[in-house]
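The block underneath contains the structure these notes are about, expressed in structure tokens.
The values are calculated or read from the model by the stated rules, or taken from the named source; none is laboratory data. Everything numeric in this text was worked out from a predicted model, so none of it was measured. Every residue, glycine among them, receives a Cβ derived from its backbone with ideal geometry; neighbour counts consider all protein chains shown. Surface areas here come from the heavy atoms of the whole protein model, side chains and all, with no ligands, DNA or RNA. Shrake-Rupley method; radii C 1.70, N 1.55, O 1.52, S 1.80 Å.
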Amino acid sequence: MKYRRIYQTLEKYGARITYDGSGWQYAGRFQTYTQRMRPLWVVAEAPKAGLRLWVCHNAGRLSVTTADMRLSSDSREYHETQKRREFHTQGELAEYLEALLAAGADKANAAA
């Protein structure tokens, strides 16, 4: 599976994928232009970390955008918590996700 390490990292930390519009799943000549340009497009929620995540490989750029999922998505505060990071390789992106989600899990365990 393409992007295996990214999916495994999300699963390992209990992140629930709420939308997966990844184009890599559609092989063959019937793949649309958008699917070719956006081979990875995942929206996930990580309750332990309190984050909503957008994990993307869009037009050749790998990125992760995060926001505080405890806030209303209609609020200004929610939009101010959004952070975006770009990566050169899938490995770098997966390592960042691992560190981000592990830190959130540690916070949740300490609060409990």
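Miscellaneous remarks
- Surface composition of segment 2-108: carbon plus sulfur atoms hold 49% of the accessible area, using a 1.4 angstrom probe and ignoring ligands, DNA and RNA.
- Spin-label model, A103 to R85: label points 7 Å out along the Cα-to-beta-carbon direction sit 0.7 nm apart.
- Net +/- balance of residues flanking G23 in space, Cβ distance below 11 Å, scoring K and R +1, D and E -1: +2
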